[in-house]
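Encoded as structure tokens, the structure appears first; notes follow it.
The values are calculated or read from the model by the stated rules, or taken from the named source; none is laboratory data. None of the values given here were measured: they were computed from a predicted structure. FYI the Cβ positions are ideal-geometry reconstructions off the backbone, even for glycines, and counts take in every protein chain you see. In case anyone asks, the SASA skips ligands and DNA or RNA and just uses the protein heavy atoms, side chains included. Shrake-Rupley method; radii C 1.70, N 1.55, O 1.52, S 1.80 Å.
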Amino acid sequence: MDIHGDLDMAVLRRAYLNSHFQTGLKNLMDRAIISRTEKEAKEYVILQNLDTSFQKIDELPFDFERRRMSVIVKDDSNVVSMVTKGALEEMLNISTYVEYRGEMIPLTEDIRQEVLAEVGQLNRQGLRVLGVGYKSGLREDYAYTVTDESDMILTGYLAFLDPPKPSAAPAIQALLEHGVRTKILTGDNEKVTQAICEKVGLDVEHILLGADIDQMTDQELAEVVEKVTVFAKLSPDQKARIILQLKKNGHGVGYMGDGINDAPSMKVADVGISVDTAVDIAKETADVILLDKDLMVLETGIVEGRKVYANMTKYIKMTVSSNFGNIFSLLVASIFLPFLPMAPVHLIVLNLVYDLSCVALPFDNVDQDFLKQPHTWEAKSITRFMVWMGPISSIFDILTFIFLYFIIVPLVTGYHYVHGSESALQFIILFQTGWFIESMWSQTMVIHMLRTAKVPFVQSRPAWLVILTTLVAAIFVTSLPYGPLVNILRLAPLGLPYFLFLICIIFLYMFSVTVIKKFYIRKYKEWL
């Protein structure tokens, strides 16, 4: 369009020369200009054979401070011209003249306001606008610099429709429901940004500009970034500064972008996200590249990440507390028992089977409540969990020791333990078998109690694979004293009294864990 907002192919012609002959990375706007010119050239002679009828002399590449770029070209008549396109404000700053109603006249303040009003109307419709200017009669044998971008003739502007993706608004809402706030960091002006953000449901009551950020101290910025959702007219450095400040405030920050100016922000963010159609430097900098054009994949990624975190934390906390409990139980047993409560081979088999039963944990279900909020990894949480839950298993291990030593094994053998006697070895084997089986059942069954903050099976169902592996592990270990490995593993069959006792002890153990879990959650406001 010309500066009055009317269609003008001469503006597109000059924009094509700028986009076609520049050797830098052609962004989406450059591609749109070239594509539209090739389409319109079928009807307008003025747009035909531009690539062959002009010759490039020089260029002044784009940078984010000037926010414009220029090429110097020579036509068939040997007339050398500089053609510049860029952000409208910057183009107005370097222009002295305008093409106004077919005439070249000085750029007055009234005309400037008329141009800004016309462009503002386009911006409010969500259109991005670039200004196009030129000047002719230049020398061919001259080394051009950015200082030569002056006394230009503003000939018109280009308006680009860049609507938000249909999935943008639902994705932003879905992220918010999962405790993730969306902020907009853009180089576009505030009017375009406001129009686009309103369409996707973001708060545009307060928009902070890059010029305002430059005047702020880090302390002031730390407060502002918490309140403001939309930041406009930012340079790449200003974007990076905002992200770093959000990280200092304790947030985990993901940044999504597809252009050259997004690379610094992706680098300093915790997670850089790009798309497969982005420029190479953006894709190389990104940690994650989206192949699906639906932005709802962001929610899917966050949910899957939290599932991985939850299941990983489950395994670590279960295993650490279980091992702590076993070590504590062995320590107590070594003080009071005249023999080892479990043979080394039993410990090895126990750990092997338990670890195999935990292979299903990565596929376990995760409570929806847990997925709704982000979580921070804390080593002290694991230590705290171990100190609380580990001794509970030790209490029931010690009860098992007492019942095995004084009641269960004497019932099976018909005699009590006498150190050094011929019957002592059989007593020890039966005792060790009893704790071996009880340990396996307590370790695997407590997985279902520890995997969720809720009541297992009633309020939170484990994955069927977790149920299967834990049951198989417990049944397998229980069957070992009755199988062909009984002599190799030094095990012995136990009678009905033992299994009645086992059912009671496992039930009491799981009940105790449930009670302690309630106190733990009430005190620390967390579980996993």
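Quick notes on this structure:
- Answer from Arg128, Arg139 - the residue that is of a type in the set (D, E, K, R), closer than 30 Å to Leu295 by Cβ and open to solvent by 40 Å² or more (accessible area, probe 1.4 Å): Arg128
- Residues that are within 28 Å of Leu209 (Cα to Cα) and out of contact with any strand residue (DSSP E or B) (no Cβ under 6 Å at 6 or more places or on another chain) do occur in the range 129-147, at least one of them.
- The set of residues in the range 94-116 that are open to solvent by 60 Å² or more (accessible area, probe 1.4 Å) and either assigned to a strand (DSSP E or B) or not basic (Lys, Arg) (or both) comprises Tyr97, Gly102, Glu103, Met104, Pro106, Thr108, Glu109, Asp110, Gln113, Glu114, Leu116.
- Boolean, Glu43 is free of Cβ contacts under 8 Å to residues at least 40 places away in the same chain and either more than 40 Å from the chain's Cα centre (by Cα) or closer than 22 Å to Asp148 by Cβ (or both): yes
- The criterion of being crowded, with 17+ Cβ neighbours inside 10 Å, under 46 Å from the mean Cα position of the chain (by Cα), modelled with pLDDT of 90 or more and among the charged types (D, E, K, R) does not hold for Arg31.
- Only a single item in (1) part of a helix (DSSP H, G or I); (2) touching a residue at least 12 places away in the same chain (Cβ under 8 Å); (3) among the hydroxyl-bearing types (Ser, Thr, Tyr) is not met by Ser479, and it is number (2).
- Any chance Lys247 is in contact (Cβ under 8 Å) with a residue 12 or more places away in the chain, open to solvent by 50 Å² or more (accessible area, probe 1.4 Å) and part of a helix (DSSP H, G or I): yes
- Any hit, the range 441-458, residues being among the hydroxyl-bearing types (Ser, Thr, Tyr) and closer than 22 Å to Val477 by Cα: yes
- The set of residues in the range 11-40 being in contact with a Leu (Cβ under 9 Å, 6 or more places away or on another chain) and among the aromatic types (Phe, Trp, Tyr) consists of Tyr16 alone.
- Complete set of residues in the range 74-93 that are in a helix (DSSP H, G or I) and among the aliphatic types (A, V, I, L, M): Leu88, Met91, Leu92
- The set of residues in the range 343-377 that are open to solvent by less than 100 Å² (accessible area, probe 1.4 Å), under 22 Å from Leu528 (Cβ atoms) and hydrophobic (A, V, I, L, M, F, W, C) comprises Cys358, Val359, Ala360, Leu361, Val366, Phe370, Leu371.
- Qualifying positions in the range 357-376 - among the β-branched types (Val, Ile, Thr) and not in a helix (DSSP H, G or I): Val366, Thr376
- Residue within the range 42-56 that is in a strand (DSSP E or B), charged (D, E, K, R), open to solvent by 30 Å² or more (accessible area, probe 1.4 Å) and closer than 27 Å to Ala143 by Cβ present: yes
- Which numbered condition Leu340 fails, given (1) open to solvent by 90 Å² or more (accessible area, probe 1.4 Å); (2) of a type in the set (A, V, I, L, M, F, W, C); (3) part of a helix (DSSP H, G or I); (4) touching a residue at least 12 places away in the same chain (Cβ under 8 Å): (3)
A quick yes/no check of all residues on (1) surrounded by 15 or more Cβ atoms within 10 Å (Cβ to Cβ); (2) touching a residue at least 60 places away in the same chain (Cβ under 8 Å):
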{"position": "Ser423", "(1), (2)": "no, no"}
{"position": "Ile429", "(1), (2)": "yes, yes"}
{"position": "Met440", "(1), (2)": "yes, yes"}
{"position": "Val446", "(1), (2)": "yes, yes"}
{"position": "Met449", "(1), (2)": "yes, yes"}
{"position": "Pro456", "(1), (2)": "yes, no"}
{"position": "Ala463", "(1), (2)": "yes, yes"}
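- Scanning the range 381-433 for residues that are touching a His at 6+ places or on another chain (Cβ under 9 Å) and among the polar types (S, T, N, Q) yields Gln432, Thr433.
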